[in-house]
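See structure below.
The values are calculated or read from the model by the stated rules, or taken from the named source; none is laboratory data. This one's a predicted model, so the numbers in the text were calculated from it and none came from an experiment. Neighbour counts are summed over all protein chains in view; Cβ atoms, including those assigned to glycine, are modelled from backbone coordinates with ideal geometry. Side chains included, ligands, DNA and RNA excluded: accessible areas come from the protein's heavy atoms. Shrake-Rupley method; radii C 1.70, N 1.55, O 1.52, S 1.80 Å.
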Amino acid sequence: MSFRISGTGSRLAEKVVTNDDLAKIMDTSDEWISTRTGIRSRHISTYETAGYLAVEAAKSALSDSGLKAEDIDCVICATMRGDTFTPATACKVSEELGIRAPAYDVNAACSGMIYAFDIADGYIRSGKYENILVVTVEQMSKLVDWEDRASCVLFGDGAGAVVLQKGDGLKGIHISCAPSTTMIYGDSFCGTSIYNTTQEAKPVLHMQGQEVYKFAVSAMMAEVDAVLERAGLTTADIDYFLPHQANMRIIDGAAKRLGLKPERVLTNIQTCGNMSATSISVLLDEYAKKNTFKRGDKLLLVAFGAGMTSGACIVEWQA
């Protein structure tokens with residue numbers, strides 16, 4: 001189809017917070033968290049800004065690709081919230097790397113990377129652009145309610161980046177939305193308008209855990225079926241499965257229903273938690289740097305998120 005992956009990069013927040021660390025400040029335990037989620041620790045921002053993490057990940061991906069800043073035709077950043085509501089985080093990345101090209105952010109929550117890939121597919125297939133930098137960054141520690149032990153223990157902070165170049169690595173892509181604005185949502189700061197009459201809500205993330213779990217399993221399976229059909233492939237053709245790192249039970253359930261061998265299912269939720277839009281990009285870079293993938297391997301990426309968005313793509317590794 002349209003593009004191939006020519007470079008990957010990532011940057012995690014430096015501070016590591018374990019389940020035992022959290023147990024010292026709230027009513028929880030390593031056993032309670034790990035058995036329910038698979039998470040043992042996560043990276044939490046201290047001095048790092050979203051812009052800093054995004055720029056560092058982008059620098060790494062650009063270096064890995066062998067391209068220069070002037071080669072990039074477009075920068076797309078997937079994030080729920082950067083350091084500023086304007087300008088876009090993508091503009092910060094472009095400024096720091098010296099890229100002079102269109103730059104903007106997209107918000108599809110945890111499905112953000114797949115949505116950005118879909119946009120890139122359209123651009124490259126149409127001939128408008130040939131080299132696109134996709135960046136993902138989330139600082140979930142700034143979005144969650146730290147008084148809600150059921151949700152704050154799930155998330156971590158980090159950034160990932162992927163350089164996409166014109167090529168035939170993309171074998172299929174599919175994105176969806178089953179509209180729901182109450183299953184997962186986060187209120188915004190109301191501002192300081194003297195005319196505002198709406199009641200301001202606490203600007204933190206809210207989740208209906210059980211409903212999200214049920215949606216996640218069905219949505220992931222539907223996306224996998226759809227993208228396999230588009231690509232003309234079966235699960236037997238897939239070499240590695242890179243699912244959104246939301247919950248180990250969800251990942252295990254999806255892998256079992258797909259009949260995938262455990263060694264083909266890649267995870268880092270144990271040490272990174274859920275990093276929303278950046279989970280898959282960090283996972284991709286981690287295993288790419290380990291030389292896990294060989295040329296010709298087919299990677300299946302799938303995610304779901306607030307909205308409720310979902311998406312999947314199949315990419316043949318050509319590095």
Q.
Take the conditions acidic (Asp, Glu), surrounded by fewer than 24 Cβ atoms within 10 Å (Cβ to Cβ) and outside any helix (DSSP H, G or I) and apply them to residue 200. Does it pass?
A. yes
Here the qualifying pairs (Cβ atoms under 6 Å; residues six or more apart or on different chains; first in segment 272-284 and at pLDDT below 95; second surrounded by fewer than 24 Cβ atoms within 10 Å (Cβ to Cβ) and part of a helix (DSSP H, G or I)) come out as none
Somewhere in segment 253-269, is a residue acidic (Asp, Glu) and either surrounded by fewer than 17 Cβ atoms within 10 Å (Cβ to Cβ) or on the phi > 0 side of the Ramachandran plot (or both)? yes
Might you let me know whether segment 294-315 holds any residue that is open to solvent by less than 20 Å² (accessible area, probe 1.4 Å), in contact with a Ser or Thr (Cβ under 8 Å, 6 or more places away or on another chain) and among the acidic types (Asp, Glu)? no
Within segment 116-132, of all residues that are touching a helix residue (DSSP H, G or I) at 6+ places or on another chain (Cβ under 6 Å) and within 25 Å of residue 53 (Cα to Cα), the one most open to solvent (accessible area, probe 1.4 Å) is 131
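Being assigned to a helix (DSSP H, G or I) and not hydrophobic (A, V, I, L, M, F, W, C), is that true of even one residue in segment 146-157?
Applying the first criterion (assigned to a helix (DSSP H, G or I)) to segment 146-157 yields 149-152.
Those still in the list that are not hydrophobic (A, V, I, L, M, F, W, C) too: 149, 151.
Taking every residue of segment 146-157 in turn, at least one turns out to be assigned to a helix (DSSP H, G or I) and not hydrophobic (A, V, I, L, M, F, W, C).
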Quick count over segment 151-192, residues being aliphatic (A, V, I, L, M), open to solvent by less than 40 Å² (accessible area, probe 1.4 Å) and farther than 27 Å from residue 289 by Cβ, is 3
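Based on this model, can you work out whether residue 65 counts as closer than 13 Å to residue 131 by Cβ and surrounded by 23 or more Cβ atoms within 10 Å (Cβ to Cβ)?
On the way: closer than 13 Å to residue 131 by Cβ: yes; surrounded by 23 or more Cβ atoms within 10 Å (Cβ to Cβ): yes.
Taking the combined requirement at face value, the residue satisfies it.
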